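Structure first, then comments.
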Ligand code: GDP
């Protein structure tokens, strides 16, 4: 498709499961340099058609709910079961603060030492569109490298959750036990994209509260419209403890049940196809917006037209039609 060649023999090394090559490739997709971008696109394109599919799991939860502890315990359980696990993080806050909550190196210490695991913290500072692309490409790279499970972690901020759900096969929402009977301000939109709600910290003194919270959410989920892509009983709410490990095996069993059912009923392929179409449109939109922002000729024309519109010489609609016609040329 393009005549740019990715560096070295990255593609075959990735296909051979070489983690260092994978790490280099992820660095490449994170780069915003135009030559790197072209190489990354060529690399991803060249890796098409390897036929491997990981189970992509989106995982979200507010800071402190236990995401790292959960991923460490859950990831270790998967590795012990003989699976290869990749963990990627999307941290929308890092674009504002420049620092990353999900980038802390001390997180998931045991898992990060496992040969069958690949952990990549979120890159610091990038706009959400850039984060979406790099995460999507990193997922594709992990899949090509033969990972069985790719966990994409994000903090509970609406936009990033929707974005992560758009690139995953399953979406898991991690919650903490609630004190009262309120639904922790979880937005309806997030409930609607969740396939599994896991109430973490269901241990010790917190166990009764966790049990109540699970019941509350199970009730709330029953009120949602049944989705055609779900078997009976989904979405579900379950208690887990990332510390004791209780419920982790059950949660994994539910994820597999759901994935199996969707594969058997055509929803899996359909969803991936819809996601590919979605991201194609997003990329076109992002590319156009970037031209509007960066192309000097277009910027000048935009500024001139804006002035004409402000001065009452052109209607906004006529100016927009004119501008769009110029973009087509
Ligand atoms: P994150 O910010 O979502 O990644 O949360 P962390 O994994 O860093 O956990 C936040 C705090 O909750 C830490 O003090 C953990 O030890 C604690 N925690 C995490 N999981 C559990 C659990 O299953 N039970 C209990 N009791 N505490 C937990």
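The values are calculated or read from the model by the stated rules, or taken from the named source; none is laboratory data. Everything numeric here is computed off the predicted structure, so don't read it as measured data. In this analysis, Cβ positions are derived from the backbone assuming ideal geometry, glycine residues included, and neighbour counts consider all displayed protein chains.
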- The correct count of residues that are in a helix (DSSP H, G or I), within 19 Å of residue 115 (Cα to Cα) and within 12 Å of the chain's Cα centre (by Cα) in segment 138-156 is 2
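Let's see how each residue does on (1) out of contact with any helix residue (DSSP H, G or I) (no Cβ under 6 Å at 6 or more places or on another chain); (2) modelled with pLDDT under 85:
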| position | (1), (2) |
| --- | --- |
| 65 | yes, no |
| 72 | no, no |
| 92 | no, yes |
| 97 | yes, yes |
| 108 | no, no |
| 141 | no, no |
| 147 | yes, no |
- Task: Quick one: in segment 81-91, of everything that is buried (at least 21 other Cβ atoms within 10 Å of the Cβ) and away from the ligand (no atom under 14 Å from the Cβ), which residue is farthest from residue 120 (Cα to Cα)?
- Result: 84
- Query: So which of 283, 249 ends up being under 27 Å from residue 65 (Cβ atoms) and either within 16 Å of the ligand (Cβ to nearest atom) or not assigned by TED's automatic domain parsing to the domain that holds residue 151 (or both)?
  - Reply: 249
- Task: Quick one: count up the residues across segment 49-80 that are within 14 Å of the ligand (Cβ to nearest atom) and touching a strand residue (DSSP E or B) at 6+ places or on another chain (Cβ under 9 Å).
- Result: 14
- Message: Taking the conditions exactly as written (within 22 Å of residue 162 (Cβ to Cβ) and either away from the ligand (no atom under 14 Å from the Cβ) or in contact (Cβ under 8 Å) with a residue 12 or more places away in the chain (or both)), does residue 238 satisfy them or not?
- Response: no
- Item | Conditions (1) touching a strand residue (DSSP E or B) at 6+ places or on another chain (Cβ under 6 Å); (2) under 28 Å from residue 139 (Cα atoms); number of the one not met by residue 217 | (2)
- Item | Condition met for residue 215 (over 25 Å from the mean Cα position of the chain (by Cα), within 16 Å of the ligand (Cβ to nearest atom), part of a helix (DSSP H, G or I) and surrounded by 14 or more Cβ atoms within 10 Å (Cβ to Cβ)) | no
